[in-house]
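Following: one structure in structure tokens, then a few remarks.
The values are calculated or read from the model by the stated rules, or taken from the named source; none is laboratory data. All values reported here derive from a predicted model rather than from experimental measurement. When we count neighbours, we look across all protein chains shown, and the Cβ atoms used for this are built from the backbone with ideal geometry, even at glycine.
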Amino acid sequence: MEPKLDPVEYCKLLSSTIRTAYNAIGRVSCQILQKNVVFNAKGFHLPLAVAVVRNATAIDEEREVIISKKRKKGAKRVKAKQYALVATVGRNNPVRVRVIVMEVENSQNPIFWSIMRD
């Protein structure tokens with residue numbers, strides 16, 4: 001019989017495991033944007049985000065935004081474009097999911113920004 005982990009240790013182990021899996025994703029090819037989407041520290045939501053980026057057949061919404069380059073107050077602001085990609089994903093219980101991908105002006109690749117149920 002295996003010894004049981006206390007809840008704090010279990011959460012640390014789970015977080016570490018998920019972070020390792022998330023960091024292994026790196027980039028995912030997005031056919032609709034014809035670019036690779038970079039998965040960085042801005043999001044931690046798996047596995048549906050990767051499937052939506054890979055399988056989206058259209059851009060549901062597009063927005064021009066101004067964002068801070070850094071989190072500091074008074075940081076330089078830059079232009080960016082947000083794309084909402086929507087796809088129905090999941091084998092057992094298919095669900096419609098929206099992923100927001102952000103492309104910062106003068107950047108090489110868009111980045112994963114957010115995920116939500118549509």
Checklist entry - Within the bounds of region 87-106, is there any residue that is modelled with pLDDT under 85, at positive phi, assigned to a loop (DSSP other than H, G, I, E, B) and under 18 Å from the mean Cα position of the chain (by Cα)? => result yes
Item to check | Residue selected from region 16-42 under the condition at pLDDT 75 or above and in a helix (DSSP H, G or I), by the criterion nearest to residue 56 (Cα to Cα) | outcome: 25
Item to check | Looking only at region 70-95, and only at residues there that are of a type outside the set (Gly, Ala, Ser) and closer than 17 Å to residue 32 by Cα, the one that is surrounded by the most Cβ atoms within 10 Å (Cβ to Cβ) | outcome: 85
Checklist entry - Condition test on residue 66, is it within 19 Å of residue 102 (Cβ to Cβ) and exposed (fewer than 11 other Cβ atoms within 10 Å of the Cβ)? => result yes
Item to check | Residue in region 1-15 that is modelled with the highest pLDDT, counting only those that are of a type in the set (A, V, I, L, M) and exposed (fewer than 10 other Cβ atoms within 10 Å of the Cβ) | outcome: 8
Checklist entry - Out of region 62-86, which residues are in contact (Cβ under 8 Å) with a residue 12 or more places away in the chain and either among the aromatic types (Phe, Trp, Tyr) or at positive phi (or both)? => result 83
Checklist entry - Which one is surrounded by the most Cβ atoms within 10 Å (Cβ to Cβ) among residues in region 20-39 that are closer than 16 Å to residue 85 by Cβ and of a type in the set (S, T, N, Q)? => result 36
Next on the checklist: Go through (1) in contact with a strand residue (DSSP E or B) (Cβ under 6 Å, 6 or more places away or on another chain); (2) assigned to a strand (DSSP E or B) for residue 75 and report which single condition fails.
Outcome noted: (2)
